[in-house]
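Down below is the structure, laid out as structure tokens.
What follows is calculated from the coordinates using simple rules that are stated; it is not laboratory data. Just so it is clear, the model here is predicted, and its values are computed rather than measured. Methodologically, a virtual Cβ is constructed for each residue, glycine included, from the backbone with ideal geometry; neighbour enumeration extends over all protein chains shown.
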Amino acid sequence: MTIWQGAVLGIAALAAVAAPASAQNSMTLMSYAGIFRENYTDTVVKPFAAKGAEVQFFEGGSSSQMLGTLRAQKADPQVDVVIMDVTTAALACAEGLVEPVRPAELPVLAQLAPMARSAGGSCGPAVTFDHLVMVYDTQKVQPAPASLMAMADPSQRGAVGLAAPPNIQGLAVTAMLANANGGDWKNIGAALPALKSIAANVQTFDPKPDGYSMILNDQLRFATGWNARAQLYRDQSKNRIGVVLPDEGTVFQINTINIVANAKNRGKAVEFVNHALSAAAQKAFTERMFYGPVNTEAGVTPEALGRTALAPEYRSKVIDVDWGEMQKLRDGWNQRWRREVISAAPR
Amino acid sequence: MTGWLLAAPALAVLAVAFLWPMAGLFRISLNRTTETGAMEAALTTESYAKLLGDSFTAELAWNTLLLAGSSAAVATVLALPVALMVRAASPRWRGLLALLGIAPLLVSATARLVGWMAILGDQGLINAMLMGSGLRDTPLPLINNWTGVRIGLVESLMPYAVLVLIAGLGRLDPRLEEAAATLGAGRARTFLRVTLPLAAPALLAAWLLTLVLGLSSFITPRLMGGGRVFVMATEIYDLALEYVDWPGAAALAMLLLGALVLLMLLRAVTTRGAGRRA
């Protein structure tokens, strides 16, 4: 045996011994990039890693991009746990890309709110609650608005950013206005007059990079957004961004946590899901980023809870939208938006 | 035979990097999207039938053709003086001028569009000048609409038109224009009666190339359209990433690809014609 042959065999032997140990102690989490990754890593991932596990955070882009990754890796998954939007997770569940939940392995499920447990159906439960809000420029809009119809005020011509369907924010606003004006979130006809009057002021139906940044860059005065990010932008901008849960109510956006089917590091994945849903992790993340906690024993401070839709004064304002039903309606809604709302708001 | 052997590596790369993914895309287009939105393995043309039976697809195709056709035409017309100037320049300056003509290609398309947004936006340079000088009370809407997309697209297509025209006009025999001048034709008459007819095949080739690029353009309509501009590429994006309807997105992409292949064949025919005439 030459020196080279010996070296190669030695390395191979080391790798054979080391690989299973490494695999047992590491796992890969796929979720959103940016401020979600930063804050989730600090408050949830690092405490888990401190117990001796190595967690790779894979930035999956949007939920639909994550679904694409899961589809592409179906034969050889490189991800163990995925946190994504509930509607997209439902597709992953239906396609067998994520595991059905096994209650015996997840004792933490007993601590979850009923809505959190039921959100994911037969697959993973909710891990964060978020909700749609209206955001505005506190320096230019006074007094503070309370209704979505503040965006229809003629003085706001060209100063509104309103994401249109199929973007989920456009669907949520439509459901909110339909519920407020017709008593049924599915009745788009009741929402259209209000949408048209707001559309007259819309500068863009596709705010880029997002409504918060466009307000901070003086391009808009109003936009829609998700509460958690909006609250963080409010703090970072020293209250320049105002956040309103409108009189018309709000709609939950739920992220669920799932173990990927045939995950290579399933043992660690199960441990991580138990940790992510635990009271401590939920409390830490809510107090950092204002996502509503799913664990009823989280013990979140009243101040942080007051900035989520789970605050007692807001709970009655949450409209019970069935996103599975929305999936069936959105094609028709999209067409009506294009033909009756966007076309009525030329620039 | 030697030619094929030399081309073999490039053809292999093409097969792996283009044909194989295209075959995969075609296969996905034959899958089924269930009512819940989940993708189901199948061999069906449902997605094609749905797209072809939807009047919005025809509207999209018309929007796309109109946007790309008009932008390509304007880009070609604007590129012609640039190409003529390069042709008329002394050999010493020709290279530098040609480089300047295609300089926008050296900058990322996204960066250029962000620049346009700063110029054309409601608080942008042009509106600041218009409102500062008292010519307007409210911003002129130059972005987040079809106007903004056309401006951005013309700018991004022009360098390609310049390249094709420089190559096409370079083949024209200057003695024909000299002969026209000798026979008493003025500059304008020489241009209209001699240069322009001879340049027609190059102009057509430039228009077709930029048309093909315009048909598949995505970033410009997405970033400068403000959600008001619906073309094939933005619809493919929405189907794939908002609806998560991969079979639908793949089917629309295949239809667009088919149209582009037809146009490329047309371009090849006209380019050959241009070569023969020159």
Range of Cα positions in region A:138-211 per principal axis (Å), largest first: 35, 27, 18
Hey, which aspartates and glutamates would be in cross-link range of A:Lys238, C-alpha to C-alpha under 16 Å, not counting anything within fewer than 8 residues on its own chain? A:Asp137, A:Asp218
Return the single residue from A:Met66, A:Met115, A:Met30 with maximal mean-square fluctuation; model: Gaussian network over chain A, springs between Cα atoms under 10 Å. A:Met115
Please identify the DSSP H helices in chain A that span no less than 27 Å along the helix axis (Cα) and have a mean Kyte-Doolittle hydropathy of 1.6 or more. none
What number, in percent, do you get for the relative contact order of chain A if the mean sequence gap of Cα pairs under 8 Å and at least 6 apart is divided by its residue count? 24
If you count, for every residue in B:35-42, the Cβ atoms of partner chains within 10 Å of its Cβ, what is the mean? 5
Short version: what are the Cα gyration tensor semi-axes of region B:60-161, square root of 5 times each eigenvalue, largest first, in whole Å? 29, 19, 13
Is any helix in chain B, taking whole DSSP H runs, at least 24 angstrom long along its axis by alpha carbon and on average at least 0.0 on the Kyte-Doolittle scale, and which ones? B:55-88, B:146-169, B:196-215, B:246-277
When the convex hull of the C-alpha atoms of the protein assembly as shown is computed, what volume per residue in Å³ does it have? 231
Eligible aspartates and glutamates near A:Lys317 by straight Cα distance, threshold 15 Å, same-chain separation 8 or greater: A:Asp130, A:Asp184, A:Asp247, A:Glu248
Highest average packing first - A:84-96, B:28-40, Cβ atoms within 10 Å: A:84-96, B:28-40
Find the Rg to Rh ratio for region B:1-74, where Rh is the Kirkwood radius over alpha-carbon pairs and Rg uses the same atoms. 1.18
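From other protein chains only, count the Cβ atoms within 10 Å of every residue's Cβ in A:299-310, then give the mean.
Partner-chain Cβ atoms within 10 Å, mean over residues of A:299-310: 0.
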To check you understand DSSP bridge types, tell me what percent of the beta bridges within the protein assembly as shown (both residues inside) are antiparallel, rounded to 5. 65
Starting from the 7 Å offset along Cα-to-Cβ, what nm value, one decimal, do you get for the label separation of A:Asp247 and B:Leu66? 4.0
Inverting the mean 1/r over all pairs of different Cα atoms, compute the Kirkwood radius of region B:101-213 and quote it in Å. 17.0
Given 5 Å bins starting at zero, what is the percent of C-alpha pairs of region B:46-277 in each, up to the one with the largest pair distance? 1, 6, 12, 14, 15, 14, 12, 10, 8, 5, 2, 1, 0, 0
Using the Kirkwood radius over C-alpha pairs as Rh, can you work out the diffusion coefficient of chain A via Stokes-Einstein at 10 °C, viscosity 1.306 mPa s, in µm² per second? 74
Per residue convex hull volume, Cα only, region B:51-109, in Å³ is 93
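Report, in listed order, any pair from A:Lys74/B:Lys50; A:Lys74/A:Lys328; A:Lys328/B:Lys50; A:Lys51/A:Lys74; A:Lys51/A:Lys268; A:Lys46/A:Lys264 with a Cα-Cα distance greater than 23 Å.
A:Lys74/B:Lys50; A:Lys74/A:Lys328; A:Lys51/A:Lys74
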